[in-house]
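Everything on this sheet refers to the single structure shown next.
The values are calculated or read from the model by the stated rules, or taken from the named source; none is laboratory data. In this text the structure is predicted, and so the values were computed from the model without any measurement. Cβ atoms come from the backbone with ideal geometry, glycine included; neighbour counts cover every protein chain shown. Only protein heavy atoms, including side chains, enter the accessible area calculation; ligands, DNA and RNA are left aside. Shrake-Rupley method; radii C 1.70, N 1.55, O 1.52, S 1.80 Å.
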Amino acid sequence: MSHIRPWRLKRSEIVFDHPWYRLRRDWLLLPDGRQIDDYFVSLRPEVVLIFALTADDEVVMVRQYKHGAAAILLEFPGGTFLPATESSTAAAARELVEETGYSGTNLELLGNAWDDPTRQDNRVHMYLVRDAQRTKDQDLDENEDIEVVLIPLRKFKAMCLNGEICVTGTLATAFLGLNALGRT
């Protein structure tokens, strides 16, 4: 049995509240009696990521600029959602078609994982779509500039391993998806 025990929350307050970002300050009591008076947690929406594979064995990816990293990155389509108003499956279907114009009839949940459990409270919901088809044009938000990139499945794993694909959530989704496809 583990000796690890949870921390006790003594008090909490929202210190920054904006539609795009919320930050909470917690006062905590550790199991050994020590106190932490300034532990900050980002309150984030849930995230969906979609590993979409076409009938021609091409992986549907997106390339876009990510300002936090100050880099143009290749990753899976995805986005945020609020569980109180939308299911993760509905959000995955919506994000896939909005960002890429592709859709599929069967979204398979690969798993859920904490995004950054040290400093964030949200999870990533990872989906696989087989036989994805382009059904419409992208429907991007005003501030989005997204290029759809089709990667042959035979090259995809090597791109993950050599660092061409280097976003944590995309890598986790990639290996769960490759496992589900029997392509590990």
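Looking at segment 163-184, I want the residues that are at pLDDT below 95 and have a partner that is open to solvent by less than 20 Å² (accessible area, probe 1.4 Å) with Cβ atoms under 9 Å, at least 6 apart or on another chain. Which pairs are those?
Pairs found: Arg183/Leu153; Arg183/Phe156; Arg183/Gly177; Thr184/Leu178.
Mind telling me which of the residues Asp56, Asp32 ends up being within 30 Å of Arg183 (Cβ to Cβ) and loosely packed, with under 12 Cβ neighbours inside 10 Å? Break it down into steps so the answer makes sense when it comes.
Working: Asp32 fails: within 30 Å of Arg183 (Cβ to Cβ).
Selected residue: Asp56, the only one of Asp56, Asp32 that is within 30 Å of Arg183 (Cβ to Cβ) and loosely packed, with under 12 Cβ neighbours inside 10 Å.
Kindly indicate whether Phe175 is open to solvent by less than 30 Å² (accessible area, probe 1.4 Å) and out of contact with any Leu (no Cβ under 7 Å at 6 or more places or on another chain).
Here the answer is no, as Phe175 does not meet what is asked.
For residues in segment 8-26 being among the aliphatic types (A, V, I, L, M) and over 19 Å from Glu46 (Cα atoms), which is least open to solvent (accessible area, probe 1.4 Å)?
Of everything passing the filter in segment 8-26, Val15 is least open to solvent (accessible area, probe 1.4 Å).
Can you find even one residue in segment 34-56 that is out of contact with any strand residue (DSSP E or B) (no Cβ under 7 Å at 6 or more places or on another chain) and either more than 30 Å from Arg130 (Cα to Cα) or hydrophobic (A, V, I, L, M, F, W, C) (or both)?
yes
Of the numbered conditions (1) closer than 16 Å to Thr54 by Cα; (2) in contact with a helix residue (DSSP H, G or I) (Cβ under 7 Å, 6 or more places away or on another chain); (3) open to solvent by 30 Å² or more (accessible area, probe 1.4 Å), Leu128 satisfies every one except a single condition; which is it?
(3)
Here are Leu107, Leu49: which of them is touching a residue at least 60 places away in the same chain (Cβ under 8 Å) and surrounded by 15 or more Cβ atoms within 10 Å (Cβ to Cβ)?
Going through Leu107, Leu49 in turn, just one is touching a residue at least 60 places away in the same chain (Cβ under 8 Å) and surrounded by 15 or more Cβ atoms within 10 Å (Cβ to Cβ): Leu49.
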